[in-house]
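Accompanying notes for the structure given below.
Since every read-out is calculated from the coordinates, none of them should be taken as a lab result. Remember, predicted model here, so these are calculated numbers, not experimental data. With ideal geometry, Cβ positions are generated from the backbone for all residues, glycine too; neighbour counts draw on all protein chains shown.
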Amino acid sequence: MSPPDDKRVLRALVVDDSAFNRRTITEILNTLPGLEVVGKATDGDEALRLVRELKPDVITLDLEMPRMDGFTFLRLLMASTPTPVIVVSGYANKENVFRALELGALDFVAKPTRSITTDLASIRAELLEKVSLVRSLSHLARPVTTTRAALPSPGRRVDASPRHVLVVGASTGGPTALVELFRRFPPALDATVLVAQHMPPRFTQTFAERLDRLGGVRVRQAADHHPLVAGEAWVCPGGRCLEIGADGLIAVVEPRADDRYVPSVDRLFESAARKLRERVVGVVLTGMGDDGARGTTAIAANGGRVFAESAQSAVIFGMPQAAIATGSVQRAMPLDELGDHVATLLGTV
């Protein structure tokens, strides 16, 4: 599917078994210039029929529906008519969100409560922003595939100071890309991995647990004042920022007024560059905007290396492209090649 023309009206399909939710999401989407809701479906079976008839540019999807649920719908949709999908999900179903992303959903919006019936203003801006991303798509999100299986860990070392510190930044499409990256890490990686993924609060803990189950490095939500240990990975909590403190320990800090993105990839990259210099390896993955570009320059200026995901695999090429434009990225690669390259570079303890 080619990226929609910037001047063409985007056609949206709303899929939700709740009549109130369908009406409310439709009202929200219709406030966005250049977008028209062309259909509404109550379950996945009806949604597949409407996809064939209406050919929408973007779909909002509830995962829990009667007859055909959102997961079955996603599998069939991506196999037959790949279309950008924004999942609308409650906090109680965090694990389901990441499963949907791995099946090909582009991104998700968190409902403020179990029902969408309250606090609608809190999701309005986020939903409109994510739907607007469809105009910037370099290609569709796809289910994760890998030619390299995760290896069982013979035991993770917890006493080794890492030779390298890998800092990773990602936004839209990042959860799926990070799964692919972490699948390729060998057991006992000779590095600490620090991740700044743009994600709402209350989802990062579940995401860290999902990465941890892949094997290899141990993954947790970042904890303040923790030392850097080889074979461990830390995901920045949503709504906070992650840095390397002056004492060389992990620091989970509050965002500043000038932080355009939270978590901030730039703050992670810059703090690592200042403290760890040539030990730092940076990776910029898919995402909209330019978060990480300033940090990329800082890492290179202090003797570290930065690699970026290429347009060939990035769902949104904005962040990698901005990093590459600085002239400080050593190499841009498709995700599978990037993962293997970084894994080989970091080696094992």
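Worth pointing out:
- If you count Lys pairs in the chain whose Cα atoms are under 25 Å apart, skipping same-chain pairs closer than 8 places in sequence, the total is 11.
- Calculated FRET efficiency, His225 to Arg52, Cβ-Cβ distance, R0 = 45 Å: about 0.25 to the nearest 0.05.
- Once the Cα atoms are used to define both axes, helix 265-276 deviates from the longest principal axis of the chain by about 10 degrees.
- When restricted to Cα atoms, the stretch 164-346 yields an Rg and a Dmax of 14.1, 39 Å, respectively.
- Couplings 3J(HN,Hα) of the stretch 303-319, computed from phi: x, x, 10, 10, 10, 9, 6, 7, 5, 4, 10, 5, 5, 10, 8, x, 5 Hz, in residue order, whole Hz [Karplus 6.51 cos²θ - 1.76 cosθ + 1.60, θ = phi - 60°; x for Gly and Pro].
- Arg23 paired with Thr344, simple spin-label distance in nm, labels 7 Å along Cα-to-beta-carbon: 5.9
- Principal axis extents of the Cα atoms in the chain, from largest to smallest and rounded to whole angstrom, are 56, 40, 36.
- Cα convex hull, the stretch 1-97: 101 Å³ per residue, rounded to a whole number.
- If R0 is taken as 41 Å, the Cβ-Cβ distance between Leu128 and Ala301 corresponds to a FRET efficiency of 0.65.
- Net charge of Cβ neighbours under 15 Å - reference Val329; Lys, Arg +1; Asp, Glu -1: -2
- For the stretch 257-349: rounded, prolate or oblate by the Cα gyration tensor [a/c cutoff 1.5]: oblate
- Take the Cβ atoms of Glu95 and Arg256, set R0 to 35 Å, and the FRET efficiency comes out at 0.65.
- Alpha-carbon centroids, the stretch 270-349 and the stretch 57-92: separation in whole Å: 31
- Between Gly231 and Leu189, Ala191, Thr192, the built amide H atoms are under 5 Å apart, and every one of these is 5 or more places off in sequence or on another chain.
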